[in-house]
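For reference, the structure discussed in these notes is given below.
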Amino acid sequence: MSTSLRNNRLAALALLAFALVVSSIALVFFYAPVDADGLNQKIFYFHVGIALTAYACFAWGGWKALRVLWKRDGDADLESYVAIHQGVIFGALTLVTGSIWARASWGIWWTWSSNQLVTFLILFLFYSAYFMLRYSVEPGPARANMCAVYALFGVVLIPVSWLSIRLANDFIHPTVFTSNGPQMSGSMFLAFCVAWAGLLTLAGTMYRVELAGKRLDERIRELRELLA
């Protein structure tokens, strides 16, 4: 694939992300109704989407890690690293937005008695420690394999974190999506879907930008080594 075509696709993805994010903000604040919690509830549209996007990034990193071990795909190691990096970014945003929402709605920033909060924090810290492992080992096949195994272990925590939220059903994480469908009006569900689509597209854009930058760094480093 030519560089110009790649750049055009990245620009189109960035424009789509911008359009979806702007549209979601307009839908959330000017179209979706205000519920009983008042304006505090508006953060729901972004907090939940950010959390789901973090899960998606971690899962994508796990898939790329599997390709490292299964297919011996050299490019997949860097792709797994970038995906996990994006997942940690969105994981941090999940914790921040969740704390703001909890403080505004229920008067607390954090509670250690909530299993789902602690489980997500464990997931976040586990993947944050991934970078300590990666940068403590010299680049090469051994590092790629160790990081891949670590990333795959983390994938197990994703359904655990998700199920803890689903099963807890407490005031911190009230159940919105049930077997009977979303427990919200059509306008609220539309705003949520557009917001999540915007966040996923934004994550995809950030992933491609970082990946392109990392690959460029590798080429420059290789050229310096040849010229040295």
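Solvent-accessible area of T97, all protein chains in place: 20 Å² (probe radius 1.4 Å, heavy atoms, ligands and nucleic acids excluded).
Of I25, I50, which has the most accessible area and how do the rest follow, probe 1.4 Å?
Details: I25 75, I50 15 Å².
Result, largest first: I25, I50.
On the principal axes of its alpha-carbon atoms, region 56-107 has extents of 50, 13, 10 Å, going from largest to smallest. The orientation-averaged shadow of the Cα convex hull for region 6-103, equal to a quarter of the hull surface, comes to 7.8 nm². Of the accessible area of region 32-166, computed with a 1.4 Å probe over protein heavy atoms only, carbon and sulfur atoms account for 70 percent. The lysines whose alpha-carbon is closer than 22 Å to the alpha-carbon of K214, local same-chain residues fewer than 8 away aside, are K64, K71.
The values are calculated or read from the model by the stated rules, or taken from the named source; none is laboratory data. Quick caveat: nothing in here was measured; it's all calculated off a predicted structure. All accessible areas refer to the heavy atoms of the entire protein, side chains included, with ligands and DNA or RNA removed. Shrake-Rupley method; radii C 1.70, N 1.55, O 1.52, S 1.80 Å.
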